[in-house]
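These notes are about the structure you will find just below.
Derivation of every value follows stated rules applied to the coordinates shown; laboratory data play no part. From a predicted model like this one, the values you see are computed outputs, not experimental measurements. Cβ: placed from backbone, ideal geometry, glycine included. Neighbour counts: every protein chain shown.
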Amino acid sequence: RSYNVLASLRGSAGEKEIVALIQLIWTFRNTTKDAVWHKELLPSKEYLACAERFKEWPSLVENVAKRMLHDVRDVDHHVDSVDPVKGIGYYDDDNVMTYSRRDGYKTLFAYMRENEADKTKISDAMVLEEMNFLINAGKLSYAELPQLYTVVLGVTGTLTTLSAEENQLLDRKYKITKRTIMPSAYPAYNTKVPVFQGKLGVDVVVSNAMNYFQNIADEVNSRISDGNGKSRAVLVFFQKEVTLEDFWNSNCFKDHVGSALKLVKNTSCADRDGIIARSVEEGRVTLLIAPYGRGTDFTYNNRQLDERGGIHVIQTFLSEESSEEVQIMGRTGRQGHPGTFSMVLSESDLESGCLSRKDVTEAHDGSLIHELIKRNRAVSYHVKCQQKQELADYMLVEHKASQEVLRNLWENNIPEVRRLIQERNLAR
């Protein structure tokens, strides 16, 4: 991952030359003609005025205009929120809505599209605020930022799940050589760790495509009762929101829809807290997407729920990394409460993940499926770590080049800053 450093080239009240050029490019949104650049845009008065206005940046206007012309054709660019006060928003990797993200010039043209559709949602003033040149001033690698510090401290709940490659990386690159596992202030986790025998009704269900939703529903129904007719709370985690919605709308789940809850991407912060609080009620089933399996505390103070086994968590997909599985399992059995965990895994998920067809077939015969998953996942994760290292090596080159821009800016070497930034903003 990287932190993209963006600068905006604009006047205090909206540079008129930039605004005029953007408005002209907007008129090309429904054309696919390759000749637009040479025949209509390049000789236009709007383009020539911009080139004259920013003549100290000779290649910048050309490359910015090319990127705009490319992005304006994505007229159906998806956005996650259109807010009359905050503007256009997107969900970030942690499922949090952000209104500061920009997806190149596609976000600008999404503002213009929404403004034309309904000015009460996106005002003219909000569009004008977006009308500027976005300048790529660099990419700082998150992997390199810890190198700036003399001392690096970290806290994680998944220390024991780190692979050999990850432990070596901490040792060699970041010089983190001391690891301490702190005991919990609460009694030891009471989560009943699965035996993983691969049979229906125990802790891992291996399902074919036809019965996948039914198997999830069966698992919910078998876990929501403690066996004596008394109810527990069940959390069901899905990897993809579309799968969650399909299950919610299926006949298999129709008996629970009236009382069930769900936590998805567009759940507002205000609604989210209320749903989390209600999800631990007796007899409640809650469907969630995977990001809520990290750091979300499902706390309660209910002795009756504890007596019935606490919260039961069902994971319906295969995690690429064991740390994600541990995090999801950790949504139950917290702070001294009891809890249980099980998985419903599709054959296709297992085969595309880390198991062979033979392994999947044996899983139905009662083999220790999770031991196979852990063993094969470690092999596939080794390959993934190598790919991550290649990306980190590429980002190191970008990181050093970006530091060069910042160093020249700090030293007020403006000609060199212009040269470096224009190199970074070549349209490809």
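Brief remarks follow.
- The Cα atoms of the chain give a gyration tensor whose axes a ≥ b ≥ c have a/c of 1.5 or more with a/b greater than b/c, which makes the shape prolate.
- Mean Cβ neighbour count within 10 Å, used as a protection proxy, ranking 388-401, 67-80 highest first: 67-80, 388-401
- Of Lys86/Lys106; Lys33/Lys240; Lys16/Lys39, those spanning more than 28 Å from alpha-carbon to alpha-carbon: Lys33/Lys240
- Share antiparallel - DSSP beta bridges, the chain, percent rounded to 5: 35 percent
- Packing around the peptides 280-293, 410-423, taken as the average count of other Cβ atoms within 10 Å per residue, puts them in this order, highest first: 280-293, 410-423.
- Cα-based shape type of segment 195-353, given that a ≥ b ≥ c are square roots of the gyration tensor eigenvalues and the cut on a/c is 1.5: rounded
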